[in-house]
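Okay, so here's the structure we're looking at.
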Amino acid sequence: MAKYLLLKHYRGAPAPVNNVPMDQWSQEEISAHIQFMSDFADKLTATGEFVDGQALAQEGTWVRYDGEGKPPVTD
């Protein structure tokens, strides 16, 4: 069974509570964020939900699904 990660940007969504770009974070904030993500991955691993942890490519393959009975479109 193929597995996909879908990321979607919604225009018009409410502004985030803490809208500071990561390049402006302190080293302590970056370390805390990385630790949170690591702990979260550990929880998903423990429940059998963790699949993979590869980085997304800046440019690459994408797949569009248009509904039941229609083939996916891959670029």
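Structure notes:
- Evaluation of Gly12 against (1) at pLDDT below 85; (2) surrounded by 10 or more Cβ atoms within 10 Å (Cβ to Cβ) (one fails), failing number: (2)
- Output for the range 55-75, where each listed residue is modelled with pLDDT of 65 or more, open to solvent by less than 90 Å² (accessible area, probe 1.4 Å) and in a loop (DSSP other than H, G, I, E, B): Asp66, Gly67, Gly69, Pro72
- Residue check: Ser26 meets all listed conditions (1) at pLDDT 85 or above; (2) open to solvent by 100 Å² or more (accessible area, probe 1.4 Å) but one, namely (2).
- When residues of the range 29-54 are limited to those that are outside any loop (DSSP other than H, G, I, E, B) and aromatic (Phe, Trp, Tyr), the one least open to solvent (accessible area, probe 1.4 Å): Phe40
The values are calculated or read from the model by the stated rules, or taken from the named source; none is laboratory data. Remember, it's a predicted structure, so these values are computed and weren't measured experimentally. So basically every Cβ, Gly included, is an ideal-geometry build from the backbone, and we count neighbours across all protein chains shown. Surface accessibility is based on the protein's heavy atoms, side chains included, excluding ligands, DNA and RNA. Shrake-Rupley method; radii C 1.70, N 1.55, O 1.52, S 1.80 Å.
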